[in-house]
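Asker: Would you mind keeping the following structure in view while I ask a few things?
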Amino acid sequence: MKDMRPAGRMWHLYKMGGLTPAITSMFDVQSAQQMAFIRSIMKEQRKNSLYDIPLATVELVVFDLETTGFSPYNGDEIISFGAIAVEGAAVKENETFYSIVNPKRAIPDTVVELTGITNEMAANAPELLNGLREFLEFVQQKVLVAHGTGHDKHFLNSALWKTSKINLSHRMLDTMMIGKWLNPRLKSYDLDTLLDVYGVDVTLRHHALEDARMTAQLWSRFMPEIQSRDIHTLGDLYAHLSHHHQ
């Protein structure tokens with residue numbers, strides 16, 4: 001894998017990746033409308049102050065992405081979005097989103113094996129722009145939750161930049177960070193370990209919606225522990241997490 005540290009190279013790849021969609025969308029009214037929608041969601045999000053929101057009633061979307069690899073700035077792409085709505089500690093089992101998207105590149109055999117998403121399935125799936133717009137329509141202004149958010153945040157940012165020349169402005173919470181804070185002595189904080197520790201039934205791993213569903217159950221089990229530490233708003237939680245991980 002190439003060394004991606006130099007910021008200049010990253011920006012160059014960003015620009016390269018974003019060039020074609022930007023040009024084609026000028027001729028494609030539907031794409032232009034989708035871009036406008038994505039931009040309006042991000043603009044609205046920047047106005048929101050979320051700090052006073054009580055954890056007991058906060059509206060969240062727990063999500064997961066499956067991707068062709070680990071480097072969105074080096075040609076890897078999203079192949080599926082999965083998301084589920086949560087209110088406070090209550091997982092809304094009926095409010096879910098799932099979509100496979102076409103990565104416009106071959107999916108490595110290891111990823112096909114892991115996710116069950118074949119090249120044929122991906123080739124018949126919607127474009128990234130469509131999948132991203134539908135995902136954001138599901139998310140609206142809610143706070144995003146994921147396990148190990150670094151990976152997902154990079155891919156979402158890359159996808160937003162490529163399709164709409166905009167950066168992600170949603171607040172994010174990381175169940176891995178919360179898990180570390182609540183259980184400082186565990187050897188590992190990967191999803192499988194925490195699901196085991198908190199007694200969450202494992203359905204199907206490496207399926208975006210099922211992973212999101214299990215992560216949502218994890219969040220639900222975290223909630224009483226968080227509140228027992230006298231943390232009752234989103235702002236309190238962010239303050240504690242940032243202090244804990246300095």
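The values are calculated or read from the model by the stated rules, or taken from the named source; none is laboratory data. All figures in this text were calculated on a predicted structure; none of them were measured in a lab. Cβ atoms come from the backbone with ideal geometry, glycine included; neighbour counts cover every protein chain shown.
Asker: Just checking, which of Thr57, Thr67, Thr110 is touching a residue at least 60 places away in the same chain (Cβ under 8 Å) and of a type in the set (Ser, Thr, Tyr)? Talk me through it step by step, then tell me what you get.
Answerer: Details: Thr57 fails: touching a residue at least 60 places away in the same chain (Cβ under 8 Å); Thr110 fails: touching a residue at least 60 places away in the same chain (Cβ under 8 Å).
Of the residues listed, the single one that is touching a residue at least 60 places away in the same chain (Cβ under 8 Å) and of a type in the set (Ser, Thr, Tyr) is Thr67.
Asker: Can I ask one more? Which count do you get for residues in segment 154-172 that are modelled with pLDDT under 95 and in contact with a strand residue (DSSP E or B) (Cβ under 7 Å, 6 or more places away or on another chain)?
Answerer: Final tally of qualifying residues: 3.
Asker: Let me ask something else. So, in segment 123-151, exactly how many residues are out of contact with any Ser or Thr (no Cβ under 9 Å at 6 or more places or on another chain) and at negative phi? If you could, list the steps in order and put the result at the bottom.
Answerer: First, pick out the residues of segment 123-151 that are out of contact with any Ser or Thr (no Cβ under 9 Å at 6 or more places or on another chain): 123-124, 136-137, 139-144, 150.
Next cut, at negative phi only: 123-124, 136-137, 139, 141-144, 150.
Qualifying residue count, segment 123-151: 10.
Asker: Step by step: first the residues of segment 143-201, then only those that are farther than 21 Å from Val86 by Cα and among the basic types (Lys, Arg), then the one that is surrounded by the most Cβ atoms within 10 Å (Cβ to Cβ). Which residue is that?
Answerer: Step by step, filter segment 143-201, then rank; the result is Lys162.
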